[in-house]
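Written out below as structure tokens is the structure these notes cover.
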Amino acid sequence: MKKLINDPRAVVDESVEGFGLAHADLVTVSADPKYVTRKDAPVAGKVGLVSGGGSGHEPLHAGFVGRGMLDAAVPGAVFTSPTPDQIIPATLAVNSGAGVVHIVKNYTGDVLNFETAAEMAQAEGVEVRTVLVNDDVAVEDSLYTAGRRGVGGTVLVEKIAGAAAERGDDLDAVAAIGDRVNQNVRTMGVALSACTVPHAGTPSFDLEDNEIEIGIGIHGEPGRHKIAMEDADGITGRLLEPILSDLGTASGEKVLLFVNGMGGTPLSELYIVYRRAAQILAERGLTVERSLVGNYITSLEMQGCSVSVLRLDDEMTALWDAPVHTPALRWGV
Amino acid sequence: MKKLINDPRAVVDESVEGFGLAHADLVTVSADPKYVTRKDAPVAGKVGLVSGGGSGHEPLHAGFVGRGMLDAAVPGAVFTSPTPDQIIPATLAVNSGAGVVHIVKNYTGDVLNFETAAEMAQAEGVEVRTVLVNDDVAVEDSLYTAGRRGVGGTVLVEKIAGAAAERGDDLDAVAAIGDRVNQNVRTMGVALSACTVPHAGTPSFDLEDNEIEIGIGIHGEPGRHKIAMEDADGITGRLLEPILSDLGTASGEKVLLFVNGMGGTPLSELYIVYRRAAQILAERGLTVERSLVGNYITSLEMQGCSVSVLRLDDEMTALWDAPVHTPALRWGV
Amino acid sequence: MTWAVKWLTLSAQAMAEHRVELIELDRAIGDSDHGENMDRGFQAVLDKLAETPPETPGAALKLTAMALMSKVGGAAGPLYGTAFLRAATTLGDAAYIDAAALAAALAAARDGIVARGKAESGDKTMVDAWTPAVDAAAAAAANGDTLAVLIAAAEAAEAGAVATDSLVARKGRASYLGERSAGHRDPGAASSALILRAAAGAAA
Amino acid sequence: MTWAVKWLTLSAQAMAEHRVELIELDRAIGDSDHGENMDRGFQAVLDKLAETPPETPGAALKLTAMALMSKVGGAAGPLYGTAFLRAATTLGDAAYIDAAALAAALAAARDGIVARGKAESGDKTMVDAWTPAVDAAAAAAANGDTLAVLIAAAEAAEAGAVATDSLVARKGRASYLGERSAGHRDPGAASSALILRAAAGAAA
Ligand SMILES: Nc1ncnc2c1ncn2[C@@H]1O[C@H](COP(=O)(O)OP(=O)(O)O)[C@@H](O)[C@H]1O
Ligand SMILES: Nc1ncnc2c1ncn2[C@@H]1O[C@H](COP(=O)(O)OP(=O)(O)O)[C@@H](O)[C@H]1O
Ligand SMILES: [Mg+2]
Ligand SMILES: [Mg+2]
Ligand SMILES: [Mg+2]
Ligand SMILES: [Mg+2]
């Protein structure tokens, strides 16, 4: 394992410290308990938005703290959801009285820890709503499983719900738009290589030179199945097919196309995937109204990508376009 | 070699095509000869800025085409400088009559090809100035060598000279501010792993599990020497020491600190490097006025980073802060 | 050292010793963090025990619940936190625990895990270690002492953990693998067996 | 097929055949693209030759210069482009080339490379293949035919390329490696030797 780190157990501490130094104009970092808040939090009258999860997915979530997106991010240990004793103070810190929305990726750990924190914050008088993100079509959804994971769609939920909060929507409205984004987005990922969790020191799964993992999540976990390496166009087809059939898109609809790098794949390759994805969407009669290409929700240095398609309506498009000013996503300001 | 590509020889074509589709609001792509121009080029009365070089460094250069930065980018084959038959039409396309500045990284190939193109564009009546970027302190500078390479500093030259052009500076003034940035910036890089050029198919150099390359460039070339793996703080010290001594910074000066990922290193690790770099600069009495952290000038999927320090003056800071609207760098608009 | 404190101390030792093994189990069907999380959590428990030595077994378990809840994270943190909290509540401020109380505390712990995690037996989770342990403890409590109860629980938990090998996960992160999760031991069941073995060791 | 066209055709074959070898040489002390660039460039030369068959050797070399200049890129593109352009200029529109004219054309090519690249002998570049070749060609031209000139040039270029192995690079990308560049053959010197060998082969 070769990484630009010091003590493997200090990775999150030191990384968040560096992040705070680099973006001191935008964010405030609480070192212990660890969380990051928007510099001007709480914003009077505004619904607070809190997200969080295991570290290792940077820039998610701390990179999305700022005007028009999150009010706070709560980083756990690498690939480990944060604990209530971090989530609660973060929630309190961004509550202006208008209540707080928790954006939670659907993993057992995240759900349980945010659930506990929400209960306790509510006991302290903060109204909390939870938006659960579960956009990963690689996972079969059923009452009898842990359900689908929250992956790429999380970034889109945070941006759009963040814009709704910024324009002054109330607690229920912000939660509702977050849910609406989640209901209209689907994601599927592929890994060409595994990542190595610093404290573990060995790659999170084994792949032969000619194998790839289809249907991976963002925690270095293996996917649904291995297949022999294919070209980018073939892989892109495999990612889009389940997305579109699950989303049930109809010709003429408008979508946002999001090609996300898992951390170790060159941007040039993401554009090759984007190219084919755009072609497929065009063949299906869909109009790509907005797009996003880059490393936004990663899995350490994993090579691979995920593709997300969000069915847009005019309100979502307007909220997507609204100004955002965070370390990792910025426009209109 | 596992990559999200189709035919290795189509990598640049398909990637630039995808880039053009994803950013059709900002750029226009010419497929053959290959170059990318700002959507509204030529901008009346404005000095045109053209840069280019081998592909494989994305988002550089095409990602920096847009308002407040480049007017055109000319991508060559992977790690191969573009040819005059691309550079000339790109230069003509962005010339509004105010002349064109070529921003050229100091590599023999880039210099020769841009030199030829500049001569021929001049023969067609376009005034051309060239800003040569050579900020890499890993390379000994001497009249009897190829001189220092252009690396991380290129991004800063393009941003600041781009802002000068956008505010209406004339040809000589834009070239002069570009030169000034180059004179005040120094960079040093490290690789933890090699990258693989698609048409070559094998890693660009060999490293043992416990070795790193100090003083690498951005073309997968080996560095000045190998050393045994060290922790991030140690490596950061090794990068900053030659930068600061060569730059000859004095306590009390203001700087921009740029920690750049080579493509395959997680953002979290870049922040760990940033943290130590900021500490070192503080120890030297330098004030970090501005910073940039992320993958901006890469070497395919190489793991590693470079650190750049730019000595700022008030004008450079103002030009840095000026609005920029490109696919990869955006603020103020 | 009281039994409860000794239990927690031995548990912390077990987590440190088996840290890599638990990471490896989680690497196969999860995200490579279970050993790291449990080790970090139980080190925090040791710190807390040293800081404010508990007066009763119930207090020791409550302190453990709080430490695990705030330091483990992931799925295991809230699940073990709830387990220890429910056990602590069952024990109340009793100074002495008999076999029946112990069996009841273990049952409460298991019920807490099920209440939080909604897993059923056979879902390939820590429940598959706890449920056989609770059943064995209840049987042993009918005519045995606390040591017998704890040994029965530990043995049943170990067997339960081994039995997860062939199961297909339906809860937790391993469920994302579907059929591919079979052939691997559940890391939470393995850590549960270690903790219950530590409980027996502390009583011996 | 005229000698010039045959030369260029054999050169293109050589670049295709030795593509991987030239990439490997460049991998060691450069950026792994020389073989790819030269292969791409000479394929473009073949296309051009087929498109507009040149009337004279000079026209063939001029067309080659343009194709290489616009398709090779990197350092080698402009350097080879200039070399072929200068050689073409020297040959003018002569239909027939004698030994002296050939030696003069090779010298002009070498001078073009030096004018563009500013490298001296011993800098570990393609100049270290061309300069011995030019010298040997001049000597052979004094009392030999064109074949003798080309064979002398090819042999000297090959020896010159081999002799770059021990040199420390002072120009081009390999110079960034400093002392570490010694022990490897310069890729541009190797491709130059191949091209000059093709010239001899075309005359045989
Ligand atoms: N719903 C659940 N009910 C009971 N136990 C569960 C449940 N989900 C996960 N677990 C247990 O948690 C263990 C994983 O813990 P850990 O690796 O620390 O958390 P995470 O899965 O969040 O990384 C699993 O091995 C399993 O025993
Ligand atoms: N200044 C120079 N003068 C002469 N030849 C040079 C010079 N610089 C580089 N070369 C030649 O170019 C070759 C490299 O070509 P190539 O790999 O195609 O370009 P690049 O170095 O731009 O990747 C070197 O092996 C060397 O022979
Ligand atoms: Mg986890
Ligand atoms: Mg090159
Ligand atoms: Mg885990
Ligand atoms: Mg090269």
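Quick notes on this structure:
- Comparing Cα centroids, segment D:116-133 and segment B:266-333 end up 40 angstrom apart.
- More than 55 Å apart - percent of Cα-Cα pairs taken over the protein assembly as shown: 23 percent
- MRE, 222 nm, helices only [DSSP H, n ≥ 4, -39500 (n - 2.57), over the protein assembly as shown, to nearest 500]: -15500 deg cm²/dmol
- Applying the Karplus relation 6.51 cos²θ - 1.76 cosθ + 1.60 with θ = phi - 60° to segment D:11-16 yields 3J(HN,Hα) values of 4, 4, 4, 5, 5, 5 Hz, where x marks Gly and Pro.
- Centre-to-centre separation between the Cα atoms of segment C:170-204 and those of segment D:17-83: 63 Å.
- Closest approach to the A/B rotation axis among chain A Cβ atoms, residue and whole-Å value: A:G264, 2
- Residue (of A:C195, A:G68, A:G237) at the positive-pole extreme of chain A, dipole from beta-carbon charges: A:G68
- Under a model in which nothing but the beta-carbon of Lys, Arg (+1) and Asp, Glu (-1) is charged, segment B:184-331 shows a dipole of about 300 debye around its Cα centre.
- 3J(HN,Hα) from dihedral phi, segment A:88-100, Karplus parametrisation 6.51/-1.76/1.60, rounded to Hz, x for glycine, proline: 4, x, 4, 5, 5, 5, 10, 7, 9, x, 8, x, 9
- Simple spin-label estimate for B:E211 and A:E241 gives 4.4 nm between the two label positions (7 Å along the Cα-to-Cβ direction from each Cα).
- With a Förster radius of 22 Å applied to the beta-carbon distance between D:D47 and B:T202, the computed FRET efficiency rounds to 0.15.
- Each residue in C:H184, A:H219 was given a count of other beta-carbon atoms within 10 angstrom of its own, and listing them fewest first yields C:H184, A:H219.
- Across chain C, C-alpha contacts under 8 Å between residues 6 or more apart give a mean separation that, scaled by the residue count, equals a relative contact order of 23 percent.
- Square roots of 5 times each gyration tensor eigenvalue, C-alpha, segment A:79-140, largest first, Å: 23, 12, 9
- Computed about the Cα centre, the dipole magnitude for chain B is approximately 440 debye when only Lys and Arg (+1) and Asp and Glu (-1) carry charge, each at its Cβ.
- Where N is the number of residues in segment C:90-160, Cα Rg divided by 2.2 N^0.38 Å: 1.08
- Shape category assigned to segment B:184-331 from the gyration tensor of Cα positions, a/c cut at 1.5: oblate
- Segment B:10-183 - percent relative contact order, Cα under 8 Å, separation 6 or more: 21 percent
- In units of the compact-protein estimate 2.2 N^0.38 Å, chain A shows a Cα radius of gyration of 0.94.
- Rounded to the nearest 20 debye, the dipole magnitude of the protein assembly as shown is 660 debye, with +1 charges on Lys and Arg beta carbons, -1 on Asp and Glu beta carbons, and the Cα centre as origin.
- Cα shape, segment A:140-251, gyration tensor, a/c 1.5 rule: prolate
- Considering only B:S268, B:I216, B:L257, the residue lying farthest towards the positive end of the dipole of segment B:211-311 is B:L257, judged by Cα position with unit charges set on Cβ.
- Tensor-based shape of segment B:10-183 (alpha-carbon gyration tensor, a/c under 1.5 rounded, otherwise prolate or oblate): rounded
- Put in order of Cβ neighbour count within 10 Å, fewest first, the listed residues B:D209, B:D313, B:D246 become B:D209, B:D313, B:D246.
- Dividing the convex hull volume of the alpha carbon atoms of segment D:137-204 by its residue count gives 74 Å³ per residue.
- Pseudo-label separations to other copies for D:A139 - Cα-to-Cβ vector, 7 Å, nm: 9.9
- For the segment A:191-199, counting C-beta atoms of other chains within 10 Å of every residue's C-beta and taking the mean gives 4.
- Counting other Cβ atoms within 10 Å as a rough exposure proxy, the listed residues B:F79, B:F258 run B:F258, B:F79 from fewest neighbours to most.
- Pairs over the 24 Å Cα-Cα cut-off, from the set B:K39/D:K48; A:K226/C:K171; B:K2/B:K34; A:K2/B:K254; B:K39/B:K159; C:K6/C:K71: B:K39/D:K48; B:K2/B:K34; A:K2/B:K254.
- Selected from D:A148, D:A94, D:A119 as most flexible by GNM, with chain D as the system and alpha-carbon contacts under 10 Å: D:A94
- Annotation for A:T287, label-to-label distances across the other copies: 5.1 nm (shortest first, one decimal, point 7 Å from Cα along Cα→Cβ).
- At an R0 of 45 angstrom, the distance between the Cβ atoms of B:Q122 and B:M229 translates into a FRET efficiency of 0.35.
- Between A:H57, A:G147, A:V157, the Cα set farthest toward the positive side of the dipole of segment A:10-183 (charges on each charged residue's Cβ, about the Cα centre) is that of A:V157.
- Cβ-vector label at 7 Å, C:A16, separations to other copies in nm: 6.8
- Distance from the Cα centroid of segment A:17-40 to that of segment B:1-36 is 37 Å (rounded to whole angstrom).
All of the numbers you see were taken from the coordinates with simple rules; none came from a lab. Remember, it's a predicted structure, so these values are computed and weren't measured experimentally. Glycine gets a Cβ as well: all are built from the backbone with ideal geometry, and neighbour counts include every protein chain shown.
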